[in-house]
Amino acid sequence: MSLAPARPEALAEPTRKVGPGWILLYVLANTGLFIPMQVPTTFLMPAQIAEIDPAGKVGGYAWVSMMGAISGIVIAPLAGALCDRTTGRLGRRRPWMAAGALACAAALVFTGIQTTVAGIALGSLVLSASFMIIGAGIAPVVPDRVPVAQRGVVLGWATVPQAGGMIAGGLLLGLVSGFSAQYALMAAFPLLIVVFAAVMKDPPLPPGHREPFSLRAFLAGYRISPREHPDFVWAMGSRFVMGLGYGLGTLYMPYFLDDVLHYEQLFPGRSTEDGLLVVVGVNCLATVSTVVLSGWLSDRLGRRRMLVFVGGLTMAVAAVPLALSPTWTMTLVAAVILGLGYGVYLAVDTALVTEVLPASADRGKDMALANLMASLPYVLVPPIASVVLGDLGGYPSLFLCSAAMSALGAVLVWKVRGVR
C-alpha cells in the first residue's frame, strides 16, 4: 500500500506564533510598500498633472488613475498564480518581493522626470504593475507563516504603515523640492522590502507539489464558485463595495479643497497641498489610533465580522458631514470619523479574508484576487465621479454615493458565515 506524500512545509497551515522581530521586519516591508504606493498618487501625481494641464487636471488625473488600476486586473492574479508555483531554493515569495521592489524603485524615478500626462500615465501603469508583483509575494506571507489566532494583531501592526504612511511620506516630501527629487526619495522605500525578503524564512515548494499552469487554468482562477466557496466570494464582494465607497470619498479630495473650499483663499499664504497634508495627517492619526487595537481585539474576541461591520458603517457616517456642510471644519471632522472607521476595518477585514481562502496551494493567487477587490474600484471611481460631479449634483452627491457604498459593503460582510 502506497502512502500519500506528506504535505510540504510551504503548503502546511502555520501553528507556531511569529516573534516580535519577525513582526517588526514585516511592518518595515509594508512601509516600503505603502509609502510609495500612496504618497505619489495622493500628493505628487495630482500636482504634477495640474502643473502640466491646469484646465484638464480632473480628466487627466482620472485617466492616470484608471491606467494604474487597470494593470492590476491582469497582473495581480497572474503574479499570484505564478508565485504559488515558484520552485527553487529561494522559496516562493522572496523572488517576487525583491523583483517587484526593484521595479517599483525604477518606475518611481521614471515617473518623476515626466513632463506630459501620457508619460505620467505610463509611469503609473508600470508602478501599479510593480505593486502587484510585490503583493504577490508579500500578501500570502501572513497565511503562510502566521497562525489564525495571531493574524489580527500581526495585521494590525502591519497596516500601521498603510494607515500612517501617507502623512509620514507627505512630511518627508517637504525635505526636498522638485518632482524628480521627491519621486527619487520615494524610490528608496522599496529597499525595505528587499531586506525583509533577504532574511525571512520561505520554505521552498518541492517541484512534485507544484500545480500545473496553463492559460486556461489561469483564466479559470478568476471564477471562484459561489457554491463551493461562498464565504470567499462574499468577502471579496464586501471588500469591492467598500473600496468603491472609500475611493469616491477620498480620490478627489485635492480638487475638493481647491474648487469647493477654495483653500488658498480661505488661508492666504498656504497652498492646497498644505491643506491636503493637514487633512491626511488628521485622518492618518485617527486610523493609527484604532488599527492595532481592533486587530488585537478581533483575535481576543474571535469575532471579525462585527468589527468589520462597525468600521464600515463608521466610514459611511464620515461622508455625510461633507455632503451636508462642505466647510473646512466639517472636512476635518469627516477626516477623523473616516480614520477611526478605517482603522477598525483595515486589519480585521484582511484577517477575515485569510480565514476564508479556498486552498493553501493558491494562497498567493487568492490573496491577489482579494487585494484586487480593494484596488479594482479605482477603475470605476473616475468615470462615476466625472458623471456625478458634472451632472448629478457635484461634490455633495459624490459624498452621499460614498456613504451609500460604504454602508452596503459593511452590511455584505454578514453574508460570510464561516467566520464569527
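The values are calculated or read from the model by the stated rules, or taken from the named source; none is laboratory data. Being a predicted model, the structure only gives us computed values, none of them experimental. Counting neighbours? That spans all protein chains shown, and the Cβs are built from the backbone with ideal geometry, glycine included.
A compact table of results
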| read-out | value |
| --- | --- |
| Qualifying residue in the stretch 129-136 (condition: under 26 Å from residue 365 (Cα atoms) and surrounded by fewer than 24 Cβ atoms within 10 Å (Cβ to Cβ)) | yes |
| Filter pass, residue 363 being among the basic types (Lys, Arg) and part of a loop (DSSP other than H, G, I, E, B) | no |
| Residue count for the stretch 335-349, restricted to those that are of a type in the set (A, V, I, L, M, F, W, C) and under 14 Å from residue 253 (Cβ atoms) | 2 |
| Complete set of residues in the stretch 139-179 that are in contact (Cβ under 8 Å) with a residue 24 or more places away in the chain and among the hydroxyl-bearing types (Ser, Thr, Tyr) | 159 |
| Options 118, 76; residue that is aliphatic (A, V, I, L, M) and without any contact (Cβ under 8 Å) to a residue 40 or more places away in the chain | 118 |
| Close pairs from the stretch 361-383: first within 16 Å of residue 401 (Cβ to Cβ), partner crowded, with 24+ Cβ neighbours inside 10 Å and not small (Gly, Ala, Ser), Cβ under 8 Å, at least 6 apart | 377/244; 377/246; 380/244; 381/244; 381/248; 382/61 |
| Residue in the stretch 306-318 that is surrounded by fewer than 23 Cβ atoms within 10 Å (Cβ to Cβ) and over 30 Å from residue 256 (Cβ atoms) present | yes |
| Filter pass, residue 404 being at pLDDT below 95 and not charged (D, E, K, R) | no |
| Lone unmet requirement of (1) at pLDDT 95 or above; (2) in contact with a Lys or Arg (Cβ under 7 Å, 6 or more places away or on another chain) for residue 50 | (1) |
| Looking only at the stretch 210-235, and only at residues there that are surrounded by 15 or more Cβ atoms within 10 Å (Cβ to Cβ) and outside any loop (DSSP other than H, G, I, E, B), the one that is modelled with the lowest pLDDT | 218 |
| Residue that is surrounded by the fewest Cβ atoms within 10 Å (Cβ to Cβ), among those in the stretch 394-420 that are within 26 Å of residue 41 (Cα to Cα) and not hydrophobic (A, V, I, L, M, F, W, C) | 394 |
| Count - residues of the stretch 141-160 that are in a helix (DSSP H, G or I) and more than 13 Å from residue 24 (Cα to Cα) | 10 |
| Single match in 254, 190 (criterion: modelled with pLDDT under 95, under 28 Å from residue 378 (Cα atoms) and buried (at least 22 other Cβ atoms within 10 Å of the Cβ)) | 254 |
| Scan of the stretch 379-420 for residues that are part of a helix (DSSP H, G or I), among the β-branched types (Val, Ile, Thr) and within 18 Å of residue 238 (Cα to Cα), ordered by number | 379, 381, 411, 413 |
| Positions within the stretch 300-319 being outside any helix (DSSP H, G or I) and touching a helix residue (DSSP H, G or I) at 6+ places or on another chain (Cβ under 7 Å), in sequence order | 304 |
